[in-house]
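Following: one structure in structure tokens, then a few remarks.
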Amino acid sequence: MVNMRDIESLNEAQSDEPLGRVSILSYGSGHMLNDITSSCWFTYLLVFLLDVGLSPGDAAVVMLSGQLADGFTTIFAGELMDRFGHFKLWHAGGSILVAISFSSVFGSCVPCKLMGTNSSALETVGYSTFAAIFNVGWAVTQVAHMSMVNCMTSNSTSRVSLVSCRNAFTMVANLSLYGIALLIFTLLKSVNVIVQYRWIAYVSISIGSCFVAIFLIGTKEPGSTQHCVDKSLSRISWDYWFKKVLYYQVALVYTMTRLVTNVSQAFLAFYVINDLEMNQSSKALVPAIIYICSLIASVILQETRWSSWRLKLYFSAGAVLWILSGVGIVLLPSRMHNLMYAISIVIGAANALMTVSIMTIWFSKCVLVDQLCYILVTSISMEGVLVGEDLNGCAFVYGSLSFVDKVSCGVVLYVLESYQGSTSIRSNLGMVFGYSVTRLGLGLVPAACSLLSAIVAYTMDLPDTRPRLLVEPLLA
């Protein structure tokens, strides 16, 4: 008779073995569809909706519906997967929803075709429905992909390699999106701009779907979740976190940091075309410069040995850079629009100091308390300090912060886009300040969020831990 304890010991020993490069690469490719569509969502959705005829207020409703669906789905998806498992099945289902609904978001109004009418209300409902479905699928795919890391292996080096590879593919996805957009805006100048956006969306979906297929074929379904959670630790009540001042401080800093990134990304295309009167290719070139500069700065940050004072210093430096960039955005005249490329470099450096790849949020400290992952930056380091050794409470911390981030982002974008469509407000701003809502929103909102987050970060009482390097080798 086989001893069950020996079998468990054998399984644990196998889970401690490092993963091969093929397994790591196939896993890393699994979030490409989410990453490339997310980048397209924030960069071009609002511009596309206005071009197809929606009012700014209706376009804001579409964006808000998607953000709300994403936020609420994130809360429940993790709990369902913990109970029922089958991560690859969840991932495949979510990816199918993403591919179908995203093509519909950037396609024509499906309900309008079915009903034979093009009323603005029906268009708003149609686009909002598919936007919500897209974000539900996006959140399910994200949670499934993240949840697999801790169940695929208990080897700490392999876990860091999985997350590092995942983040590397995030860079590939973002750069691919802007590369695709740049080619289409350049080669299809004579084509209607709505068709250009649809080509960007369809090509992005096709590329992302190919990588999803690679992930599903090359990644094995984790056979056991025994090393996903440490059962020896008691579950921490939500009340525990609500009594910690640091929880509210980190929540505010993280939310403000995400608003800086998302608001700037959503309004950048409006700004370079309508306010600076740059050519269509700038809608891809300027975001690409920002991302590349952010990537370079992040690579430099890998060599940093982190401590509490350095964390605050770097975060504050990023905030100052964004404030300076915001001032430049507000004051930059259209005749000097080429200076926007220089401002983009500063924004990229600021983003590298302040923001973080959303994937690292879940793993940098929740899965690996003493291992900082690839492309980790200061705002998520603060979250890791908050979680500390309370691993069984990290799901609530990261889940609640992600929920607040997505909902607050949707609300802020809704308000800004609604004001952008108000003729009276626009005329008043023109008479008093001489600036558009887009210019003020892109310049002042991220700058104000940066200032507030830097002030809160400075007041944090962070433990001064032993300085440590940022990076683990990819595919170690």
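The values are calculated or read from the model by the stated rules, or taken from the named source; none is laboratory data. Being a predicted model, the structure only gives us computed values, none of them experimental. Methodologically, a virtual Cβ is constructed for each residue, glycine included, from the backbone with ideal geometry; neighbour enumeration extends over all protein chains shown. Accessible surface areas use protein heavy atoms only, side chains included; no ligands, DNA or RNA. Shrake-Rupley method; radii C 1.70, N 1.55, O 1.52, S 1.80 Å.
Considering only protein heavy atoms and a probe of 1.4 Å, how much of the accessible area of region 93-174 is carbon and sulfur, as a whole percent?
Summing carbon and sulfur atoms, their accessible area is 69 percent of the total for region 93-174.
How do 31, 337, 86 stack up against each other in accessible area, from largest to smallest, with a 1.4 angstrom probe?
Sorted descending by solvent-accessible area, the residues read 86, 337, 31.
Which far-off residues, 5 or more places away or on another chain, put their amide H under 5 Å from the one on residue 55, with H placed in the peptide plane?
It is none; the list stays empty.
Using the Kirkwood formula on the Cα atoms of region 18-88, what hydrodynamic radius do you get, in angstrom to one decimal?
For region 18-88, inverting the mean 1/r across all distinct Cα pairs yields 15.1 Å.
Sort 32-39, 101-108 for me by packing, meaning the mean count of neighbouring Cβ atoms within 10 Å per residue, highest on top.
By packing density, highest mean first, the sequence is 32-39, 101-108.
Residue by residue, what Karplus-based ³J(HN,Hα) values in Hz, rounded to whole numbers, does region 276-292 have, using 6.51, -1.76 and 1.60 with θ = phi - 60° and x for Gly and Pro?
8, 6, 7, 6, 4, 5, 5, 5, 9, 5, 5, x, 5, 4, 4, 5, 5
Could you work out the percent of alpha carbon pairs in region 58-106 separated by over 13 Å, rounded to a whole number?
So the pairs more than 13 Å apart make up 68 percent of the total in region 58-106.
So how do 257-264, 87-94 stack up, highest first, on mean other-Cβ count within 10 Å?
257-264, 87-94
How much accessible area per residue does region 78-184 have, counting only protein heavy atoms and a probe of 1.4 Å, in square angstrom?
Accessible area per residue, region 78-184: 35 Å².
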